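Undergrad: One structure, as structure tokens, below. Some questions next.
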Amino acid sequence: MGDGNGGGILYVVATPIGNLADLSGRAREVLATVDRIAAEDTRQTAVLLRHYGLSTPLVAYHEHNEEAMARRLVEALAGGERIALVTDAGTPLVSDPGYRLVRAARAGGLRVEPVPGPSACITALSAAGLPSDRFLFLGFPPRAHARRRAEFAAVRGEPGTLVWYESGRRIVATLSDLIQVLGGDREGVLARELTKLHETFLYGTLASLHGRLERDPEQCLGEMVLLVAGARAEAADEAEARRVLGLLLPELPLKKAVSLTAEITAARRNRIYELALEMRR
């Protein structure tokens, strides 16, 4: 089936993140009528299709075969097929495979249609009680301890709410690193098993969340979204001052670097001078 112009359509379809009843009517219609469904995990998607009595053919499309499969699927689209792209749960491309396929389809002049629906990031943010006018989604933190801390340090001054996905196996270590880098008094929310039977929201400081998980290992089970309050204005100013000083100190005398940093940033001059001395040491 084509779109009338000699080419097919790639539908990017959001699927439920837990509760199967969250599939939209439009998504159900698309999944029922496309020629095939490219799924991150065919077993997981098969459960969804059975629930709605659908029998559309499935093909595996995941991070291990993404490059080769993207070429095959684009060829099929160019031949007139209508294909739906889905992931295990939620919206494709949000920390899930799909970028290569969508980009290749666009580059080939093929039609790409989003079919919106659930996203764990937005679902958690909507119920977390943290500011949502500005937020930064960062996917999964790096697994390596040093790289994880480096990522946290890079967003220390971000004023918007920070959002990560994390696994239960690493959540305690991740919270430990956040406490070391951002401070234990930063406000956080842990959203676990969203839309499922054991959905849980834990609220508190990063230190209190860490303590809760250490005392109650059951809270480490399942899929998680970790939200952290953004930096206060003073902290954001200080982070920017550190960044500018990091560029100027290697090239200029300390007083000149401090003076220029004071002109560039909103941080207090006295604090900039303290930071410069600290960084020089």
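Undergrad: Could you check the spin-label model distance between residue 107 and residue 144? Points 7 Å from the Cα along Cα→Cβ, value in nm.
TA: 2.8
Undergrad: How high is the relative contact order of region 1-96? Use alpha-carbon pairs under 8 Å, at least six apart in sequence, and give a whole percent. Don't skip to the answer; put the middle values down first.
TA: Values: 161 pairs, mean separation 46.3, N = 96.
Reported relative contact order: 48 percent.
Undergrad: Average projected area of the Cα convex hull of region 121-228, in nm²? Mind dumping the intermediate values first?
TA: Values: hull surface 23.7 nm².
For the Cα atoms of region 121-228, the hull's average projected area reads 5.9 nm².
Undergrad: For helix 233-248, what angle does its Cα long axis make with the longest principal axis of the chain, in degrees from 0 to 90 and rounded to 10?
TA: 80
Undergrad: Can you give me the distance in nm between label points at residue 22 and residue 199, each placed 7 Å from the Cα along the Cα-to-Cβ direction?
TA: 0.7
Undergrad: For residue 11, enumerate residues with amide H under 5 Å from its amide H, sequence gap 5+ or separate chain, H modeled in the peptide plane.
TA: 83, 84, 85, 113
Undergrad: How far apart, in nanometres, would the label points at residue 243 and residue 173 be if each is projected 7 angstrom from Cα along the Cα-to-Cβ direction?
TA: Result: 2.8 nm between the two label points.
Undergrad: A further question follows. Which of 66, 187, 158 moves the most in a Gaussian network model of the chain with Cα springs under 10 Å?
TA: Taking springs between Cα atoms under 10 Å, the residue moving most is 66.
Undergrad: P(r) tail for region 37-183, what percent of Cα pairs lie past 29 Å?
TA: Details: 3409 of 10731 pairs.
For region 37-183, the fraction of Cα-Cα distances above 29 Å is 32 percent.
Undergrad: Relative contact order for the chain using alpha-carbon pairs under 8 Å, separation at least 6, rounded to a whole percent? Could you put the intermediate results ahead of the total?
TA: Numbers: 509 pairs, mean separation 47.0, N = 281.
Result for the chain is 17 percent.
Undergrad: With the cut-off at 25 Å, report for region 9-118 the share of all Cα pairs above it, as a whole percent. It would help to have the intermediate numbers written out before the result.
TA: On the way: 644 of 5995 pairs.
So the portion of pairs separated by more than 25 Å is 11 percent.
Undergrad: What is the local net charge at residue 15, summed over the other residues whose Cβ is closer than 9 Å to its Cβ (Lys, Arg +1; Asp, Glu -1)?
TA: Numbers: positive: none; negative: 22, 88.
Here the count lands on -2.
Undergrad: Which value results for Rg/Rh of region 195-281 when Rg is the Cα radius of gyration and Rh the Kirkwood radius based on the inverse mean 1/r?
TA: On the way: Rg = 20.1 Å, Rh = 16.0 Å.
Looking at region 195-281, the ratio lands at 1.26.
Undergrad: Now for a different question. Assuming R0 = 35 Å, what is the FRET efficiency of residue 94 and residue 264, from their Cβ-Cβ distance, to the nearest 0.05?
TA: Values: r = 35 Å, r/R0 = 0.99.
Efficiency at R0 = 35 Å is approximately 0.50.
Coordinate-derived values only; no laboratory data. None of the values given here were measured: they were computed from a predicted structure. Every residue, glycine among them, receives a Cβ derived from its backbone with ideal geometry; neighbour counts consider all protein chains shown.
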